[in-house]
Amino acid sequence: MLNIEDIRKEFPILGETVYGKPLVYLDNAATTQKPQCVINCISNVYKTINSNVHRGVHHLSQVATTAMENTRETVREFIGAESTEEIIFTRGTTESINLVASSFGTTFLKSGDEIIISTMEHHSNIVPWQMLRDRIGITLRIIPLTADCTLDIESYKSLFNERTRLVSVTHVSNVLGISNPIKEIVNIAHNHNIPVLVDGAQSIPHKKIDVKALDADFYAFSGHKVYAPTGVGVLYGKKKWLEAMCPYHGGGEMIKTVSFEKTTFNELPYKFEAGTPDYVGIIALGKALEWVKGIGIENIAKYERELTEYAVEELKKIPGIRIFGTPDGAAVSFLAGDIHPADIGTILDRLGIAVRTGHHCAQPLIEHLGIPGTIRASFAIYNTKEEVDIFINGLHRAIKMFE
Ligand code: PLP
């Protein structure tokens, strides 16, 4: 049995008030709050071991380097990767996807090639591919949705042809809270010998990830959505791809030798980590993942699913509420009659309840649904049924004000 009250005590921000009301934080899909151990970790690194990594023979540099590399091993184990050479530190999901678009694109793609993405992608899994399209003339093929907002797998199968080079899809929709059948999506692509990038921004906090079992070629995630600090994320890539791909950023650390005539590149994973990394954030990412491991990701997933199901049930009791899709994770998106989502969000905010409203960086999906945006409530391990009740009561009040 999880003791949620004890877990809540680890998050100082949950004791804050907003407009005099206790904070009810239901915007976890945007970013999670940080436990004290992660906050302490950041402060302790600066207080005791701060020194630039990988470059020094002196003690502090070596201790900081070891702590950073320990996180690489923690990440490897957390996502079930084969080797730490396959774990690249980035600034987050967005940078991880841009890295693949740039390096995979430069190395393997040419004009006329095709990439498959889906209707429910976050902008960070659309725009990098469009930029590549505009640079080298590739074509984007889009997986449509079924009436119940799931990916249309039959249509997906029909998108493959001899020009297809990569599939890039989200594991879990940040708008709908729906998990995609990612293993099936990978299998279909692999039957065509096509690699798959999985956007794991919304799956890493809520699911046991095993990149080898999924057989994903790339898996991208952000630390800040899984209780770690902002500014640090991960790109997992199969070694065979990473070895073949050209570097992304140039600079220190990613080189073996440099002369004005020629530069040779460092081995994996450093080939993709130019410049001073956010080693403080990376070390704290390790702490956050250990913290998650301590609770157990399956326990977290089960609890959050129950909480989401409860929220969905309560939402369905409110006349005029329209829920989009059937969420199976930790987020639910809805509209209340014809009331603009921003109006509801503003009133909930005055009651101390933080939800996100708008297009959630997924404008093509919102356009597909033919709506101005949604109200999204998204949950983490520290949320409670009582908070769901406060949210539902707040929603009743907000709706009444517009009647
Ligand atoms: N992909 C999905 C599905 C997301 O939900 C997000 C953020 O909300 C991102 C990508 C981008 O993450 P970041 O802004 O941390 O790079």
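Per-structure values
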read-out	value
Among (1) within 30 Å of residue 242 (Cβ to Cβ); (2) out of contact with any strand residue (DSSP E or B) (no Cβ under 9 Å at 6 or more places or on another chain); (3) modelled with pLDDT of 95 or more; (4) open to solvent by 40 Å² or more (accessible area, probe 1.4 Å), the one test that residue 22 misses	(1)
The lone exception for residue 234 - which of (1) touching a Gly at 6+ places or on another chain (Cβ under 7 Å); (2) within 16 Å of the ligand (Cβ to nearest atom); (3) outside any helix (DSSP H, G or I) it fails	(1)
Some residue of region 288-309 being of a type in the set (Gly, Ala, Ser), part of a strand (DSSP E or B) and open to solvent by less than 30 Å² (accessible area, probe 1.4 Å)	no
Subset of region 367-383 that is outside any loop (DSSP other than H, G, I, E, B) and open to solvent by less than 10 Å² (accessible area, probe 1.4 Å) - its residue that is nearest to residue 291 (Cα to Cα)	378
Failed condition for residue 54, given (1) open to solvent by 10 Å² or more (accessible area, probe 1.4 Å); (2) in contact with a Ser or Thr (Cβ under 6 Å, 6 or more places away or on another chain); (3) within 30 Å of residue 365 (Cα to Cα)	(3)
Index of the failed condition, residue 284 passing every other in (1) part of a loop (DSSP other than H, G, I, E, B); (2) touching a Cys at 6+ places or on another chain (Cβ under 6 Å); (3) of a type in the set (A, V, I, L, M)	(1)
Search result, residues across region 116-160 that are surrounded by fewer than 19 Cβ atoms within 10 Å (Cβ to Cβ) and touching a Phe, Trp or Tyr at 6+ places or on another chain (Cβ under 6 Å)	140
Test set (1) open to solvent by less than 50 Å² (accessible area, probe 1.4 Å); (2) in a helix (DSSP H, G or I); (3) out of contact with any Leu (no Cβ under 8 Å at 6 or more places or on another chain) - residue 386 fails condition number	(1)
Search result, residues across region 88-112 that are away from the ligand (no atom under 16 Å from the Cβ) and either surrounded by 19 or more Cβ atoms within 10 Å (Cβ to Cβ) or outside the structural domain of residue 186 (by TED's automatic domain parsing) (or both)	103, 104, 105, 109
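The values are calculated or read from the model by the stated rules, or taken from the named source; none is laboratory data. These numbers come from a predicted model, not from an experiment. A quick note on method: Cβ atoms are made from the backbone with ideal geometry, for glycine too, and the neighbour counts reach across all protein chains shown. Accessible surface areas use protein heavy atoms only, side chains included; no ligands, DNA or RNA. Shrake-Rupley method; radii C 1.70, N 1.55, O 1.52, S 1.80 Å.
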